[in-house]
Each structure stands twice: as C-alpha cells, then as structure tokens.
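Participant: Got a structure here, written out as structure tokens. Questions coming.
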Amino acid sequence: MKKYTCLLLFFICSSAMATQMINFPENFQWCVSTSSHQIEGNNIDSDWWEYEHRPGTIKNNDKSNDGGDHWNRLEQDTQLLVDLGIKSYRFSLEWAKIEPREGEWNQAALDHYKQEILLLKKNKIQPFITLHHFSLPLWLANKGGWSSPSAPASFQKYVTKVYESLGDLGVEYWVTFNEPTWNLISGYVTGEFPPGKKDLKLLEAPLREVALAHGLAYKTLHELAGDRPIQVGLVQNLNVLVPLRSWNPLDHYAKSILDKIYNWSILQTIKDGHFKVSFPTAFSSDIPMPQLKDTLDFLGINYYNRQFIKFLFTPPFIASLAVAPEENISEMGWEIYPKGIYTVVKQARKLFPQTPVFITESGIADKSDSKRSDFIKEHLFHIHQLLTEGIPVLGYCYWTLVDNFEWAHGFEPKFGLYELDLKTLKRIPRPSAKVYADIIKNNGFGFDPTKTRFK
Ligand code: FCB
C-alpha cells in the first residue's frame with residue numbers, strides 16, 4: 001500500500017514540477033481583433049460589397065449582409081470585451097462608410113466611431129485603430145483602387161478627416177494598413193479578393209502605391225497629433241516558409257521569391273526607404289522612397305501558420321502546402337505551428353531591432369472549439385519566451401471576438417471566442433472564451449512545455 005502511495009505521489013509531484021507558471025508583464029495588452037467589413041454589416045458602398053455580389057466569388061455564395069450587426073450592437077459587444085477582461089480592442093474604421101462618395105463625408109459614421117471609442121474608454125479598454133483593413137470605397141475601386149496613382153492622396157485625405165474628427169479622444173495606437181501584401185496578392189495575383197485579377201504583373205503598382213500611402217499617413221497622423229503621444233504602425237502578416245524538399249534548389253528558389261514579396265516587401269521598403277521589389281518574369285522596381293524611413297513606431301505582426309513551398313514548372317510556379325498530421329491542421333487547412341510565432345518575431349527584429357512588436361492577430365478556425373484553448377496557450381508560451389529574452393512584445397490580440405464574414409470563405413470558418421448564431425445574431429461564448437478570460441485575469445497560466453499538443 002505504502003509503495004503505491006509513494007508511486008502516486010511521485011507522478012503527481014513530477015507532473016506538477018513540469019508545469020510552469022507563465023507570467024506576463026503587468027502592462028501586457030490582452031487584446032482581441034476584429035475588422036469592420038467582417039462584423040459591422042451593410043458596407044454597401046465598398047468594393048467588397050460589389051465583389052460579394054458577383055456570382056461564384058464567395059464560398060457558398062455567402063454575402064456579408066448584416067455581418068454580425070456589430071454596427072447596431074456596440075453596447076452588447078463591448079460587454080463581451082469587458083467579460084473577457086480585454087485591455088486593448090483592435091478594430092478597423094470603414095473608409096467606405098466614412099467617405100461613401102469621393103469628397104463626401106458621412107458625419108453619422110464618424111459620430112458612430114466616436115461613440116464606439118468613448119464606450120471602450122468608459123470601460124477602460126484601449127481602442128486600437130486600423131485605418132485600412134482590406135475593403136475600399138467603391139468609388140476609389142472604380143478609379144483603379146490601389147493601382148491608381150491618386151490612391152495615396154485619397155487615403156491621406158481620409159486619414160486627415162478621421163484624425164481631425166477622432167484624434168482628441170486619446171487613441172494611442174493607429175495602424176495604417178492591415179496585411180498589405182496579402183491583400184494585394186489576393187486581389188491581383190490569386191484573384192480571391194477584389195478586384196479579382198490574376199496577373200502577377202499587376203501587383204507592382206498597388207504595392208508601390210500602398211507603400212507611399214503608408215508613408216503619407218504616418219507623417220499626416222504625427223503632424224496632426226502634434227504633442228499627443230500616438231504610436232503609428234503597420235500590420236504585416238508573416239508566415240513561416242520552408243522549402244518542401246530541402247534537397248531541391250528550385251524549392252529554395254521559390255521559397256525565397258515568395259518570402260521576399262509576401263513577408264518582407266513592404267517592411268523592407270520602410271526599412272531601406274527604397275522600393276526595390278521584383279518578381280522574375282513579371283516586374284522589377286527600383287524606386288527611392290526616402291520619406292518612408294523611420295515610419296514605424298511599432299510593428300504589428302499577424303501570425304497564422306507555416307507553409308511548405310514547392311516549385312512548379314507551370315504557372316503560378318509556386319505552390320504552398322500545409323504538411324502536418326491531421327491534428328495540426330485547422331479548418332482553414334492551415335498548419336497549426338505555434339513555435340512559428342517565435343520565429344517570425346525574431347526575423348522581424350533583425351530588420352527592426354529597436355521597434356516594439358504587437359501581435360495583432362493570431363487565431364484558429366475551430367467550430368467545435370476543441371483546439372482553440374491549447375492553440376492560444378501554446379502561442380502565448382512562445383511569446384513569453386520572446387519576453388524573457390527582452391524582446392518588447394507589447395500585447396497579443398486573439399483573432400477574433402465573434403464568428404464573422406471570413407472574406408472569400410464566407411461565414412463557414414469559425415474563428416470566434418463567441419459563436420454567432422446566424423439566424424438570431426446571438427453571441428454564445430465558447431469554452432475557450434472562459435479560458436482566455438482566466439489567462440487575462442491571472443495575467444498568465446500554468447503550462448507544461450513537455451506536453452505540447454501541436455508539435
Ligand atoms: C487575416 C485577416 C483577418 C482574418 C484572418 C483570419 O489574414 O487580417 O481579416 O481574415 O486572417
């Protein structure tokens with residue numbers, strides 16, 4: 001009997017010993033992210049609205065319609081943030097609602113966002129604003145969207161109007177663009193986003209104009225802010241890319257091409273003050289942009305997955321694959337690879353060694369909610385590792401609060417901590433919402449790194 005008690009104690013003690021407390025700094029910004037087009041509903045003057053109404057563009061022919069009706073549920077959704085204990089809420093403003101026709105400003109929309117910001121502040125939640133999250137006003141899309149040389153000036157006017165209307169409300173964090181390279185590659189190369197084009201050559205112009213627009217917006221915001229302490233950054237999606245066959249130089253080549261353009265083209269332009277971007281057989285740009293230097297007060301990183309890259313002998317020449325056991329693949333078909341968050345932050349630090357980092361998105365489509373809690377903890381474990389190395393990671397935003405309209409995938413993927421009942425628009429907490437709320441409440445969690453689920 002005595003022998004068994006000893007054995008039992010041994011197992012209990014050794015497993016308790018392997019569990020570490022992962023504690024975060026006092027001021028760590030626990031956050032969730034959303035974007036306007038995906039949750040507000042009725043973005044009728046946008047390019048996305050027009051695109052969704054083209055047959056065959058969106059999975060199951062879904063349309064964003066009312067979205068989650070966030071526009072009319074500010075109180076209710078702010079309460080969800082309060083229930084989670086969120087410190088920072090990252091959301092985007094909808095340009096198409098603010099400027100539905102060129103030069104015509106919609107005061108009601110600006111007042112609406114003012115109300116949203118005040119509500120957040122009243123609840124001690126820091127508003128974290130993205131100025132551009134994929135969608136554009138239709139009038140600008142009709143003029144060529146981001147490939148139009150007039151787009152940066154139009155963006156600057158919009159940014160000016162926004163800051164003049166909302167700048168005195170004390171918002172500290174401003175993002176110019178969300179995932180510019182992914183947005184433009186999807187719109188001009190793979191054709192999954194508006195304008196729905198599939199031609200590599202078309203990528204050059206919008207990449208260049210977006211880089212210029214970022215520089216203009218950065219300068220404009222700081223000029224308007226004067227002495228107000230604001231932080232202006234850009235959000236880049238960084239993927240871990242690996243050549244599929246390590247022995248194959250063509251896979252290495254394909255990986256390096258994709259890496260340069262997808263992960264780093266915009267950030268490298270900001271770093272160097274020089275737009276030197278090329279894609280073999282398609283385009284090669286070499287344009288000095290000295291005004292872009294030092295236009296990043298913080299770097300927002302969205303991290304979702306690792307991809308294995310294969311060279312193809314026929315167009316589009318590059319294939320990216322998720323190679324992992326079933327358990328490690330999400331409902332988006334993306335590999336769950338928590339360690340990658342550490343890898344991409346370290347890579348970004350090489351480019352911007354002094355710039356603080358904010359994890360602006362990390363999330364999983366997981367309808368049954370069977371993986372989300374472990375997903376969050378394992379990513380946080382690696383973020384904690386970065387913090388222990390002295391890397392200033394200011395916060396972590398889970399993507400997303402409530403199930404939403406997931407662009408070309410429609411309403412099928414379920415990323416939310418809260419489930420959205422599409423008929424009643426009721427928000428129903430998933431078990432992982434409680435797990436995230438507990439992590440926030442304790443500013444950490446117990447974790448056994450020897451027992452990770454996603455290898
Ligand atoms: C990111 C987007 C965000 C959402 C997530 C799943 O690339 O920024 O809007 O679609 O993916």
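Participant: For the stretch 187-282, evaluate the Debye formula with one uniform point scatterer on each Cα (no solvent term) and list log10 I(q)/I(0) at q = 0.15 Å⁻¹, rounded to two decimals.
Facilitator: For the stretch 187-282, the Cα-only Debye profile gives -0.74.
Participant: A further question on this structure: For the stretch 115-129, what does the Karplus curve 6.51 cos²θ - 1.76 cosθ + 1.60, with θ = phi - 60°, yield as ³J(HN,Hα) per residue in whole Hz, taken in order and with x for Gly and Pro?
Facilitator: 4, 4, 5, 5, 5, 4, 4, 4, 9, 6, 10, 6, x, 10, 9
Participant: Note the angle between two axes, namely the Cα long axis of helix 431-442 and the longest principal axis of the Cα atoms of the chain, as a number of degrees from 0 to 90, rounded to the nearest 10.
Facilitator: Tilt of helix 431-442: around 80 degrees.
Participant: About the Cα centre of the stretch 130-238, what is the dipole size in debye to 20, counting +1 per Lys and Arg Cβ and -1 per Asp and Glu Cβ, all else neutral?
Facilitator: Values: 9 positive and 10 negative charges, 76 e Å.
In total the dipole reaches around 360 debye.
Participant: How large is the convex hull of the Cα atoms of the chain per residue, expressed in Å³ as a whole number? Display every interim value, and only then the final one.
Facilitator: Values: hull volume 72.9 nm³, N = 455.
About 160 Å³ per residue, rounded to a whole number.
Participant: Separate question: How long are the semi-axes of the equivalent ellipsoid of the stretch 278-434, defined as square roots of 5 times the Cα gyration tensor eigenvalues? Whole Å, largest first.
Facilitator: Working: eigenvalues 176, 105, 58 Å².
Taking √(5λ) for each Cα gyration eigenvalue gives 30, 23, 17 Å.
Participant: Also: Lys/Arg Cβ at +1, Asp/Glu Cβ at -1, dipole of the chain taken about the Cα centre: which of Pro316, Gly446, Thr78 is farthest positive-ward?
Facilitator: Farthest towards the positive end: Gly446.
Participant: Show me the ranking of peptides 354-361, 432-439, 279-286 by mean Cβ neighbours inside 10 Å, starting with the highest.
Facilitator: Working: 354-361: 21.1, 432-439: 19.6, 279-286: 13.4.
The most tightly packed comes first, giving 354-361, 432-439, 279-286.
Participant: Compute and list, largest first, the equivalent-ellipsoid semi-axes of the stretch 373-435 from the alpha carbon gyration tensor, each √(5λ) rounded to a whole angstrom.
Facilitator: Details: eigenvalues 168, 34, 16 Å².
Values for the stretch 373-435, descending: 29, 13, 9 Å.
Participant: From the Cα gyration tensor of the stretch 337-416, with a ≥ b ≥ c the square roots of its eigenvalues, which class applies: rounded if a/c is under 1.5, or else prolate if a/b is larger than b/c, or else oblate? Mind showing how you got there, number by number?
Facilitator: Numbers: a/c = 2.73, a/b = 1.90, b/c = 1.43.
It comes out prolate by the Cα gyration axes.
Participant: What part of the accessible area of the stretch 278-413, given as a whole %, is carbon or sulfur when the probe is 1.4 angstrom?
Facilitator: On the way: 2910 of 5220 Å².
That fraction is 56 percent.
Participant: So for Glu204, Glu406, what's the accessible-area order with a 1.4 Å probe, most first? Before the final figure, lay out the partial values.
Facilitator: Values: Glu204 45, Glu406 20 Å².
So, going from the largest accessible area down, we get Glu204, Glu406.
Participant: Per residue, how many Å² of accessible area does the stretch 380-455 show with a 1.4 Å probe? Walk me through the intermediate numbers first.
Facilitator: Numbers: 2940 Å² over 76 residues.
On a per-residue basis, the stretch 380-455 sits at 39 Å².
Participant: A follow-up question, please. How would you classify the stretch 277-355 from its alpha-carbon gyration tensor, with a ≥ b ≥ c the square roots of the eigenvalues: rounded for a/c under 1.5, else prolate if a/b is greater than b/c, otherwise oblate? Don't jump to the answer; show the numbers that get you there.
Facilitator: On the way: a/c = 3.19, a/b = 1.24, b/c = 2.56.
Oblate, because a/c is 1.5 or more while a/b does not exceed b/c.
Participant: Please work out the Cα convex hull volume for the stretch 61-121 and give it in Å³ per residue.
Facilitator: Numbers: hull volume 6.7 nm³, N = 61.
Measuring per residue, one finds 109 Å³ for the Cα hull of the stretch 61-121.
Participant: With no solvent and one point on each alpha carbon, what is the Debye value of log10 I(q)/I(0) for the stretch 93-186 at q = 0.11, 0.12, 0.24 Å⁻¹?
Facilitator: -0.33, -0.39, -1.32
Participant: With a Cα-only, solvent-free Debye model of the stretch 220-370, what are the log10 I(q)/I(0) values at q = 0.13, 0.17 Å⁻¹?
Facilitator: -0.72, -1.09
Participant: Report the antiparallel proportion of the DSSP beta bridges in the stretch 278-394 as a percent, rounded to a multiple of 5. Please list the in-between numbers first.
Facilitator: Values: 7 of 12 bridges.
Bridges in the stretch 278-394 that DSSP calls antiparallel: roughly 60 percent.
Participant: Next up: Would you list the P(r) distribution for the stretch 236-311, with all Cα-Cα distances sorted into 10 Å bins from 0 and each bin expressed as a whole %?
Facilitator: Distribution as computed: 18, 40, 33, 9, 0 percent.
Participant: Under a Cβ-only charge scheme (Lys and Arg +1, Asp and Glu -1), can you give me the dipole magnitude of the stretch 287-336 about the Cα centre, in debye to the nearest 20?
Facilitator: Values: 3 positive and 6 negative charges, 62 e Å.
Value, rounded to 20: 300 debye.
Participant: Next question. With +1 on each Lys and Arg Cβ and -1 on each Asp and Glu Cβ, and nothing else charged, work out how big the dipole of the chain is about its Cα centre, in Debye to the nearest 20. Please list the in-between numbers first.
Facilitator: Numbers: 49 positive and 51 negative charges, 276 e Å.
I would put it at about 1320 debye.
Participant: With a ≥ b ≥ c taken as the square roots of the eigenvalues of the C-alpha gyration tensor of the stretch 16-128, please select rounded if a/c is under 1.5 and otherwise prolate if a/b is larger than b/c or oblate if it is not?
Facilitator: Details: a/c = 2.82, a/b = 1.61, b/c = 1.75.
In terms of gyration-tensor shape, oblate.
Participant: Hey, any idea what Rg/Rh is for the stretch 403-455, computing Rh the Kirkwood way over Cα pairs? Could you put the intermediate results ahead of the total?
Facilitator: Values: Rg = 14.8 Å, Rh = 13.3 Å.
Rounded to two decimals, Rg/Rh equals 1.11.
Participant: In addition: If you average over every viewing direction, what projected area does the convex hull of the Cα atoms of the stretch 326-377 give, in nm²? Each step should come with its number before you reach the end.
Facilitator: Numbers: hull surface 16.8 nm².
That works out to 4.2 nm².
Participant: Same structure, new question: Antiparallel as a % of all DSSP beta bridges within the chain, to the nearest 5? Please report the intermediate quantities before stating the final value.
Facilitator: Working: 18 of 56 bridges.
Just about 30 percent of them are antiparallel.
Participant: Leaving out ligands and nucleic acids, and using a 1.4 Å probe, what accessible area per residue does the stretch 173-223 come to in Å²?
Facilitator: Result: 32 Å² per residue.
Participant: For helix 74-84, what angle does its Cα long axis make with the longest principal axis of the chain, in degrees from 0 to 90 and rounded to 10?
Facilitator: Between the helix axis and the principal axis of the chain, the angle is about 30 degrees.
Participant: Any of Lys414/Lys441; Lys434/Lys455; Lys59/Lys423; Lys87/Lys293; Lys59/Lys339; Lys271/Lys310 with alpha carbons more than 21 Å apart? Name them for me.
Facilitator: Numbers: Lys414/Lys441 25 Å; Lys434/Lys455 24 Å; Lys59/Lys423 18 Å; Lys87/Lys293 31 Å; Lys59/Lys339 31 Å; Lys271/Lys310 29 Å.
Lys414/Lys441; Lys434/Lys455; Lys87/Lys293; Lys59/Lys339; Lys271/Lys310, as the Cα separations exceed 21 Å there.
Participant: Between the stretch 46-107 and the stretch 359-415, what's the alpha-carbon centroid distance in Å?
Facilitator: 20
Participant: Continuing with the same structure: Keeping the other protein chains in place, figure out the carbon and sulfur percent of the accessible area of the stretch 19-170, with a 1.4 Å probe.
Facilitator: Details: 2760 of 5880 Å².
That fraction is 47 percent.
The values are calculated or read from the model by the stated rules, or taken from the named source; none is laboratory data. Computed from a predicted model, the values in this text were never measured in an experiment. Here Cβ is always computed from backbone atoms with ideal geometry, including for glycine, and neighbour counts include all displayed protein chains. Protein only, heavy atoms only, side chains kept; ligands, DNA and RNA dropped before computing areas. Shrake-Rupley method; radii C 1.70, N 1.55, O 1.52, S 1.80 Å.
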